[in-house]
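S.K.: One structure follows; several queries about it will come next.
The values are calculated or read from the model by the stated rules, or taken from the named source; none is laboratory data. Small disclaimer: the values here were computed from a predicted structure and weren't measured. Every residue, glycine as well, gets a Cβ built from its backbone with ideal geometry; the counts of neighbours run over all protein chains shown. Quick note on the areas: whole protein, heavy atoms, side chains included, nothing else; ligands and nucleic acids left out. Shrake-Rupley method; radii C 1.70, N 1.55, O 1.52, S 1.80 Å.
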Amino acid sequence: MIVSPSDGGQASFSPWRRFVPFVALLALAVLVTGAGWLGYRYTYDAALTRQAERGQVQMRLYAQALESELARYDYVPSLLSLDARIDALLRQPASPERVAQANAYLAALNGRAGTRVIYLLDARGKVLATSNYQRPDSFLGEDLSFRPYFRAAIEGQLGRFYGVGTTRSESGYYLSAPLGDRDRPVGVAVVKIGLEPLENRWQGNDSQMLLADENGVVILASDPSWKLAALRPLSDDQRARLDHSLQYNRAPLPQLALSTVRPLANGPSQGGDALVRLRQGPPMLAQHLALPGTDWDLTLLTNTSQARVAALNSAALAGVLAAFVLLLGAAWNVRRRIVGERLAARAALEAANSELERKVAERTADLSSTNQQLQAEVSERIRTENYLRQAQDGLMQAGKLAAVGQMSAGIAHELNQPLAALRTLSGNTGKFIAHGDYDTAQGNLDRMIGLVERMGRITGALKSFARNPAAGQRHSARLADAVDNALFLLETRVADVAPRIDRDIDAHLAVRCDPNRLEQVLVNLIGNALDALKGQPRPHLSLHAYESGGMVHLTVRDNGTGLSETAFARLFEPFFTTKPAGEGLGLGLTLSAGILSENGGNLTAINHPDGGACFTVALPRATEELRHVG
C-alpha cells in the first residue's frame, strides 16, 4: 500500500488550516493600516514643515513691525535732556513755576509724540513733572524708585521695561534714560507707550499671536483673555518677587492651559516648533521667535486642520495602494505555490516508488534495535527509581533527626530557666513556712504552679513537631510585663550582682511576639548582662525602650568589659560561648535571634562608647487589634 505524503500532512494540519484565512486577513489589515499611518505621518509632517516655513516669514514680519513700533520712541527720553525747562526743574525741584512749565512742556510733547504719558523723576525716584498733571490720578509726587526702569537709568543705562501701572492699572512699555552726567544722573526721563494698536492688528488674522516677556508672562495677545497669563509655571519665589516689584500690579497671572502634543524635529527652527493643544481644542502649530535686543519671545499659533485633511487623504491613498500591491503579490504567490506543489507531488511519487522497499527494510531493523534499547532503558529506570527511593528515605530520616536535635537543644535551654526559678521559689517557700509567713509562701506556690504550667506549654511544643503553626495565629505581648517576668526569673542572680537598674519603658508599649518567646529572649539578654557585671565595682544595668518607624526597640546595656573582636565575629554562632565550661551551651543568642527573626524583628549588638555591651531588640509594634488578642 502506498500512502501519499499529502494525506498525513492534511490530517495533521487540517485544524490549523481553518485559521489561515483569518491570519491572512489580519496581516493584510495590519499592513494596510501601517501603510496608511506612514502616509498620514509623512504627509502631515511635510505639510507642517511647509506651514512652519510660512509661519517663520510671518513671524519675522510681525517682529519687524514690533521693533519698528518700539524704535519710534527711542529718542523721546533723551530729548528731554536738551530742553532748558527740564534742566531748570532739576536744579530747582521745589519751584512751582518750574514745575508748571515742565508739566506744560511734557503734555505738549506727549500729544505730538503720540505716547501714553511722559514724566520726569528726580535722583530718588520721585515724580517731579508729568504730562498727565491735569488728571485726578496724575503721577505727580509719586515714588517710583522701585521700578526696574528707574534703577537702570539711575545707574547710567537705558531702561526698557513692560509693566502694569500702579495708578490706573494700564499696561505699557516704559523707556527711560538718565539726565545729566551718566555716572551721576540728576534725574530720569520716562516715556510710557501703549502697544494696543499692534494687538488690534493681530486680532484680524487667522492665526493667533502672543508676546511673552522675560518672565514668561503674556503681555500682548491676539486673544485678550490670554493677556497677563503665564506660559510656564511660576514658583512661589518668582511670584513673590513680581508682587514686590509691582511689575504686573499684583495680577493673579494664571497659567495658560497650553499643553505640548509633540515637538517637531524637522521644522525650520530645530527644537522650537511643536504641536500644542489649548485646553481640549484641536492641535495647533506653535512657533517661537526671540525678539532681538530684548528678552521677549514671540509665539505664533496656526491651525493645522488643512494639514490633517491632506494627511488623511494621503493615508487613504496609501492604504488603497498597499492593499492593491498586497493582493497582487498574494495572487502571484498562490499561482507559484500551485505550480510548485504539482511538480513536488510528481517527484515525490516517483521517489516513493523507488525507495519504499528499502525504507521497509530499514524500518524493520530500526524497530528491532529500538525495542532492545527500550528494554535496556526500562531496566535502568527501575534500578534508578529504587536508588532514588532509598536516598529519599535517608534524607527524610536525616531531616527528622536534625529537627529533633534543634528542638531538643531549644527545649533544654528553655526548661533550664523555669527549673532554676522553681529551685529558688521552693527554697524560699520552705523558709517562709518555717517563719509562719503563709501568705508569701502561698504566693510562691502560685508562681511555682505558673512555672510548672509554663514548662507544660514548653514540653507541649514537641507535639507540634512536623506540623506548621496555625495560619493567621498572631500574638502580642506588653514589653513592660515581659521585662518584669524576666527580672523575676533572674531575681536570685540580680540579688547576687546587686546592680543599679535603670528602667525607661512605657507601660503601654506592645509588640507582635509570643509572650513566652519574648521572655526567653529577655532572660537570655539580661542574664548575659548580669554575667558581664560580675566583679564590677559599680554594676549598672540599663533597660530603655522607644518606638521608631513602626518598630519597638529595647536596649539592654551593661557597664562591663564589653565584647571582644572574636566574640563579635562569632556572636550568633551556635555553641559559641565566652563563659567557662559548664556555665552555658552557647545557644542563647542564637535562639534569641531566631525568635526575633520569626516575628519580624532582629537583634543587634554594639560596644557602647561609655563602656560595656549594648544589645538592641527590635520587634514590630502591635496594633490595637493584636493587643486584645495578646
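S.K.: Within the stretch 316-327, does at least one residue satisfy the condition of being in a helix (DSSP H, G or I), open to solvent by less than 60 Å² (accessible area, probe 1.4 Å) and free of Cβ contacts under 8 Å to residues at least 40 places away in the same chain?
M.R.: no
S.K.: Same structure, new question: Being over 20 Å from LYS579 (Cβ atoms) and part of a helix (DSSP H, G or I) is the filter here, so list the residues in the stretch 496-530 that pass it.
M.R.: If the condition is that a residue be over 20 Å from LYS579 (Cβ atoms) and part of a helix (DSSP H, G or I), then PRO515, ASN516, ARG517, LEU518, GLU519 are the ones that fit.
S.K.: Evaluate the stretch 13-33: report whether one residue or more is within 21 Å of GLN208 (Cα to Cα) and either at pLDDT 70 or above or among the charged types (D, E, K, R) (or both).
M.R.: no
S.K.: With the structure loaded, tell me whether ALA331 is more than 30 Å from LEU31 (Cβ to Cβ) and either at pLDDT 75 or above or over 49 Å from the mean Cα position of the chain (by Cα) (or both) or whether it fails that test.
M.R.: Answer is no for this residue.
S.K.: Please work out which residue is surrounded by the fewest Cβ atoms within 10 Å (Cβ to Cβ), limiting yourself to the stretch 131-142 and to residues that are over 18 Å from VAL164 (Cβ atoms) and of a type in the set (Gly, Ala, Ser).
M.R.: Result: GLY141.
S.K.: Answer yes if at least one residue in the stretch 546-556 is assigned to a strand (DSSP E or B), open to solvent by less than 70 Å² (accessible area, probe 1.4 Å), modelled with pLDDT of 90 or more and in contact with a Gly (Cβ under 7 Å, 6 or more places away or on another chain), and no otherwise.
M.R.: No.
S.K.: For the stretch 533-540, indicate whether the set of residues that are open to solvent by less than 70 Å² (accessible area, probe 1.4 Å) and modelled with pLDDT of 90 or more is non-empty.
M.R.: Looking for residues that are open to solvent by less than 70 Å² (accessible area, probe 1.4 Å) and modelled with pLDDT of 90 or more, one finds at least one in the stretch 533-540, hence yes.
S.K.: Which numbered condition in (1) touching a residue at least 24 places away in the same chain (Cβ under 8 Å); (2) in a loop (DSSP other than H, G, I, E, B) is the only one that ILE219 fails?
M.R.: (2)
S.K.: I'd like the residue in the stretch 143-183 that is β-branched (Val, Ile, Thr) and over 44 Å from the mean Cα position of the chain (by Cα) and, out of all such residues, is surrounded by the fewest Cβ atoms within 10 Å (Cβ to Cβ).
M.R.: Per the stated criteria, the residue is THR167.
S.K.: Quick one: in the stretch 184-193, of everything that is in a strand (DSSP E or B) and closer than 10 Å to GLY156 by Cα, which residue is least open to solvent (accessible area, probe 1.4 Å)? Spell out how you get there, then give the answer.
M.R.: Initial filter on the stretch 184-193 (in a strand (DSSP E or B)): 185-193.
Still in the running and closer than 10 Å to GLY156 by Cα: 185, 188.
On the way: PRO185: 16, VAL188: 0 Å².
Restricting to residues being in a strand (DSSP E or B) and closer than 10 Å to GLY156 by Cα, the top hit is VAL188.
S.K.: Where residues in the stretch 48-97 are touching a helix residue (DSSP H, G or I) at 6+ places or on another chain (Cβ under 7 Å) and among the charged types (D, E, K, R), which of them is nearest to ARG201 (Cα to Cα)?
M.R.: Residue satisfying both the conditions and the ranking: GLU69.
S.K.: Also: So, THR604, is that one hydroxyl-bearing (Ser, Thr, Tyr) and not in a helix (DSSP H, G or I) or not?
M.R.: Yes; evaluated as a whole, the condition is true for this residue.
S.K.: Let me ask you something else. Report yes if some residue within the stretch 34-48 is within 29 Å of LEU291 (Cα to Cα), touching a strand residue (DSSP E or B) at 6+ places or on another chain (Cβ under 9 Å) and free of Cβ contacts under 8 Å to residues at least 12 places away in the same chain; otherwise report no.
M.R.: Checking the stretch 34-48: not a single residue is within 29 Å of LEU291 (Cα to Cα), touching a strand residue (DSSP E or B) at 6+ places or on another chain (Cβ under 9 Å) and free of Cβ contacts under 8 Å to residues at least 12 places away in the same chain.
S.K.: I would also like to ask the following. Would you be able to tell me the number of residues in the stretch 211-224 that are in contact with a helix residue (DSSP H, G or I) (Cβ under 6 Å, 6 or more places away or on another chain) and modelled with pLDDT of 80 or more?
M.R.: So the count comes out to 1.
S.K.: Select from the stretch 587-602 the residues that are over 16 Å from ASP514 (Cα atoms) and open to solvent by less than 20 Å² (accessible area, probe 1.4 Å) and list them in ascending order.
M.R.: LEU587, GLY588
S.K.: Within the stretch 44-101, how many residues are open to solvent by less than 40 Å² (accessible area, probe 1.4 Å), hydroxyl-bearing (Ser, Thr, Tyr) and in a helix (DSSP H, G or I)?
M.R.: 3
One line per residue, one yes/no per condition, for (1) within 34 Å of the chain's Cα centre (by Cα); (2) open to solvent by less than 60 Å² (accessible area, probe 1.4 Å):
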| position | (1), (2) |
| --- | --- |
| LEU195 | no, yes |
| ASN200 | no, no |
| ALA230 | yes, yes |
| ASP236 | yes, no |
| PRO252 | yes, no |
| VAL261 | yes, no |
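S.K.: Being at pLDDT 85 or above and either open to solvent by 60 Å² or more (accessible area, probe 1.4 Å) or outside any strand (DSSP E or B) (or both) narrows it down to one of LEU120, LEU109, LEU128, so name that one. Talk me through it step by step, then tell me what you get.
M.R.: On the way: LEU120 fails: either open to solvent by 60 Å² or more (accessible area, probe 1.4 Å) or outside any strand (DSSP E or B) (or both); LEU128 fails: either open to solvent by 60 Å² or more (accessible area, probe 1.4 Å) or outside any strand (DSSP E or B) (or both).
On inspection, the qualifying residue turns out to be LEU109.
S.K.: Among the residues of the stretch 501-520, write down those that are open to solvent by 50 Å² or more (accessible area, probe 1.4 Å) and over 13 Å from ASN599 (Cβ atoms).
M.R.: ILE501, ASP502, ARG503, ASP504, ASP506, ALA507, HIS508, listed by residue number.
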